[in-house]
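Participant: Structure below; questions to follow.
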Amino acid sequence: MKLVENWIGSGLRSTTILVVLILGHYQINAQETAISADSLKLRQLEEVIISSVRASSDMPVTEFTMKRQEIKINYAGQEMAAILARTPSFTWYSDGGHFTGYSTMRLRGIDQTRINFTLNGVPLSEPEDQGAYFSNYPDFLNNVHSIQIQRGVGTSTNGTTSYAGSVNFESPSLLDSAGAELQLSYGSYNTCQISPQYRTGLLKNNTAFYVRYSQTQTDGFREHSGTQGHSLFFSGGYFGKKAIVKLTAFTGGSNSSQAYLATSETDLKTNYRTNYLRPDERDDFQQSLVMLQLSTTLSKHSFFQSSIYYNYLFGNYEVYSDPDMLNFALRSDFLGAMANYQYEKNNFQFNVGLHANEYRRDHFQRVRPDLTKNVYYNSGKKKEASAFTQLIYTLEKFSFFADIQARIVHFEYVPDASVQLQFNPITWNFLNPKIGVSYQMDAHRKLYASVGKTTREPTRNDMFAGYDNIDASNYDEVADFSKVKPESVIDVEAGMKFSFINLSLDANVYSMHFTNEIAAIGQLSYIGLPLRKNVPSSFRNGIELSLDAKLSKRLSINTQGNFSHNEITEYTSDFDNVTYKNVSPLLAPAAVVNQSVKYLVGSRVELAANVRYSDRSYLTNTNDANFMVAASLIANASVKIKLAKSHSLTLMANNLFDQKYYTAGYVANNELNYFSMATRNYYITLNLKF
């Protein structure tokens with residue numbers, strides 16, 4: 001209970017903020033104007049900010065869009081991966097086995113460094129390792145108005161390449177009604193969250209503001225895998241008749257006990273919650289992002305949008321190497337700008353975009369207790385420039401789509417001052433084309449097909465084979481940055497979308513053929529990062545389904561599914577140097593299904609249940625049946641009670657049947673190692689609106 005007391009004490013600052021905001025609410029309300037007849041135009045102009053990287057209804061793109069209400073149904077402070085896993089083709093696991101802290105996701109069996117993440121079109125993924133770290137700014141999803149997930153190469157976007165797919169987040173609309181909100185939650189493993197929020201609505205001076213503060217902490221499911229975090233999200237804007245200027249910023253931090261090593265099957269039988277890492281092997285990271293965006297109407301048919309952004313990250317993590325405690329630190333600066341022009345008239349749409357950014361990340365290692373002296377200090381510098389053009393032409397019931405993107409990426413390594421060796425920078429040039437057609441059968445039915453190609457550069461970790469520093473000891477092995485080849489995919493998609501009053505169905509087939517895929521090999525580096533290497537040829541073919549059906553006024557069901565056949569044509573194992581033919585890539589289950597049911601009891605009580613099935617998958621690229629993750633079937637349930645004045649109380653129960661299960665792991669010393677997932681657990685959330 002001491003943890004709860006600390007949490008409540010630390011939440012006093014948040015509560016004070018909330019009280020001030022609520023009092024301010026009544027003063028601001030006197031100035032607030034009712035949304036005028038032009039509000040619809042303002043909302044449309046506000047949406048221009050994200051439209052350049054989102055697929056419209058006319059585009060032949062495999063996508064799934066979650067609105068705010070859909071997000072809120074399932075969200076109670078979980079990590080991003082846990083929520084995205086409720087959509088087709090996502091799998092996930094958590095280092096600590098629970099819903100808070102570090103988690104990892106895969107889309108169509110492809111890891112998250114090949115998924116593009118953006119907020120309002122601004123990249124969230126770090127250019128060097130191409131990963132997005134949502135644990136650095138906890139409770140991010142409480143600040144998201146909608147999410148569009150494009151599976152496959154999709155449309156052109158900003159930042160890291162959309163390879164497995166892209167996830168675009170939209171920040172809260174500033175034109176929503178004024179009000180305050182307080183969210184409190186508590187659950188298993190002393191998991192706590194406090195999150196006050198306030199929005200002004202549109203004021204008389206044509207400005208609007210939104211702010212939310214969140215604080216979270218948990219002991220973690222696995223031993224000493226706890227984390228504490230906080231975040232602050234702010235958005236403000238000026239709404240003119242033909243232009244919107246919008247400032248969006250967030251900052252956050254997390255301090256965690258690490259749990260990135262899986263546990264051997266032998267030790268799991270003795271203690272299912274075993275964590276090999278020591279309690280003092282911790283990490284501490286802070287990250288901040290600010291973006292300034294302008295959207296303006298140039299004419300009746302054309303719009304212009306521009307953005308500048310800056311992303312800062314700093315932190316360190318501990319790795320014990322007997323007898324020393326090594327401290328690895330990172331600091332990065334990420335600055336960029338983009339501009340988009342959109343034109344739409346009659347049956348023609350045209351969109352062109354430009355994007356450029358510059359990035360630097362410093363890596364340094366120290367040894368405790370002396371953190372003033374560096375063992376080494378090196379840097380990676382990366383620059384990118386890209387441009388894309390999209391065309392949509394509608395002819396009666398047909399819409400023809402073309403999209404082409406050009407990217408130039410430059411990477412330069414700056415070694416430690418003590419290393420007197422030559423390192424040549426590397427530049428990649430990519431051309432990523434996509435074409436497609438959609439056929440609108442009638443108001444309720446649409447068919448589409450598309451084909452696209454995209455190529456992406458390797459990450460620093462791929463090029464460095466897991467090393468954090470290059471010196472004379474590994475120079476011959478990794479100093480040639482062209483040794484790891486860029487990977488490319490040709491993606492063919494075809495699908496249908498049916499939408500009726502009580503039924504909607506999205507179904508698609510896909511065939512992704514890869515050249516030089518940078519595939520995971522099932523091993524970790526000495527600092528816990530997954531190792532990968534090129535494989536000449538591989539593919540992923542599958543079917544995806546998304547079904548919503550309202551069976552009655554009270555009963556509705558939702559089904560999300562993926563059924564796939566995934567294969568690496570030829571793979572040579574680093575363990576025994578044996579070449580294997582036609583093997584399944586690791587951690588790519590052939591079937592993943594989410595089945596949800598919701599039932600309304602009267603007007604105030606909502607019952608929901610969800611069952612998730614994940615088929616077995618391999619832990620190596622060798623089709624060795626001895627090294628597998630077993631299939632799992634996990635059931636969850638929730639009860640939401642609507643209280644007076646729009647307040648609500650939600651009770652969630654996860655893993656109802658108390659299963660011991662795994663969704664990821666690896667093989668070490670010829671033994672299975674798994675990340676244990678939480679047994680039965682509970683969370684209760686109180687949501688108050690003012």
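The values are calculated or read from the model by the stated rules, or taken from the named source; none is laboratory data. All of these numbers come straight from a predicted model, not from anything done at the bench. Note that each Cβ is placed from the backbone with ideal geometry, even for glycine, and that neighbours are counted across all protein chains shown. Keep in mind that these areas ignore ligands, DNA and RNA; they rest on the heavy atoms of the full protein, side chains included. Shrake-Rupley method; radii C 1.70, N 1.55, O 1.52, S 1.80 Å.
Participant: Please find, within the range 199-215, the residue that is most open to solvent (accessible area, probe 1.4 Å) out of those that are touching a helix residue (DSSP H, G or I) at 6+ places or on another chain (Cβ under 7 Å) and over 18 Å from PRO172 (Cα atoms).
Facilitator: Ranking the candidates gives LYS204 first.
Participant: Condition check: of a type outside the set (Asp, Glu), open to solvent by 30 Å² or more (accessible area, probe 1.4 Å) and in contact (Cβ under 8 Å) with a residue 60 or more places away in the chain. Does SER94 satisfy that?
Facilitator: no
Participant: Same structure again: For the range 216-325, which strands (runs of 3 or more DSSP E) that fit wholly inside it have 2 or more residues that are touching a Lys or Arg at 6+ places or on another chain (Cβ under 9 Å), within 28 Å of TYR341 (Cα to Cα) and open to solvent by 50 Å² or more (accessible area, probe 1.4 Å)?
Facilitator: 227-239, 282-297
Participant: Please go through the range 394-436 and give me each residue that is in a loop (DSSP other than H, G, I, E, B) and of a type in the set (A, V, I, L, M), ordered by number.
Facilitator: Of everything in the range 394-436, those that are in a loop (DSSP other than H, G, I, E, B) and of a type in the set (A, V, I, L, M) turn out to be ALA417, VAL419, LEU421.
Participant: Could you check the range 618-658 and list, in sequence order, the residues that are of a type in the set (S, T, N, Q) and in a strand (DSSP E or B)?
Facilitator: Of everything in the range 618-658, those that are of a type in the set (S, T, N, Q) and in a strand (DSSP E or B) turn out to be SER632, ASN636, SER638, SER648, THR650, ASN654.
Participant: Given the options PHE334, PHE388, PHE364, PHE350, name the one that is surrounded by 19 or more Cβ atoms within 10 Å (Cβ to Cβ), more than 24 Å from the chain's Cα centre (by Cα) and not hydroxyl-bearing (Ser, Thr, Tyr).
Facilitator: PHE364
Participant: Could you list, ordered by first residue, the pairs with Cβ atoms under 6 Å in which the first is in the range 180-205 and in a helix (DSSP H, G or I) and the second is open to solvent by 10 Å² or more (accessible area, probe 1.4 Å), at least 6 apart or interchain?
Facilitator: SER188/TYR682; TYR189/ASP219; ASN190/LEU3; ASN190/ASP219
Participant: Give all pairs with beta carbons closer than 6 Å in which a residue from the range 335-349 that is more than 13 Å from SER51 (Cα to Cα) meets a residue that is surrounded by fewer than 17 Cβ atoms within 10 Å (Cβ to Cβ) and acidic (Asp, Glu); count only pairs at least 6 apart in sequence or on separate chains.
Facilitator: As it stands, the answer is LEU335/GLU358, since those pairs meet every condition given.
Participant: Continuing with this model, one more query. Mind checking which residues of the range 591-608 are under 22 Å from MET677 (Cα atoms) and either of a type in the set (Val, Ile, Thr) or surrounded by fewer than 17 Cβ atoms within 10 Å (Cβ to Cβ) (or both)?
Facilitator: ALA591, VAL592, VAL593, GLN595
Participant: So ARG604 fits all but one of (1) at positive phi; (2) in contact with a strand residue (DSSP E or B) (Cβ under 9 Å, 6 or more places away or on another chain); (3) modelled with pLDDT under 95; what number is the exception?
Facilitator: It is condition (1) that ARG604 fails.
Participant: Mind counting the residues in the range 663-685 that are part of a strand (DSSP E or B) and open to solvent by 50 Å² or more (accessible area, probe 1.4 Å)?
Facilitator: 3
Participant: For the range 604-617, state whether one or more residues are closer than 26 Å to ASN534 by Cβ, of a type outside the set (D, E, K, R) and either in a strand (DSSP E or B) or under 24 Å from the mean Cα position of the chain (by Cα) (or both).
Facilitator: yes
Participant: Looking at the range 110-131, can you tell me whether even one residue there is open to solvent by 10 Å² or more (accessible area, probe 1.4 Å) and among the basic types (Lys, Arg)?
Facilitator: no
Participant: Another question about this same structure. Do any strands (runs of 3 or more DSSP E) lying entirely in the range 58-171 carry at least 2 residues that are closer than 24 Å to THR251 by Cβ, and which ones are they?
Facilitator: In the range 58-171, the matching strands (runs of 3 or more DSSP E) lie at 103-107, 115-119, 146-151, 165-170.
Participant: Report, by residue number, each residue of the range 144-164 that is crowded, with 24+ Cβ neighbours inside 10 Å and not hydroxyl-bearing (Ser, Thr, Tyr).
Facilitator: Once the filter is applied, which keeps residues that are crowded, with 24+ Cβ neighbours inside 10 Å and not hydroxyl-bearing (Ser, Thr, Tyr), the range 144-164 yields GLN150, ARG151, GLY152, VAL153, GLY154, ASN158, GLY159, ALA164.
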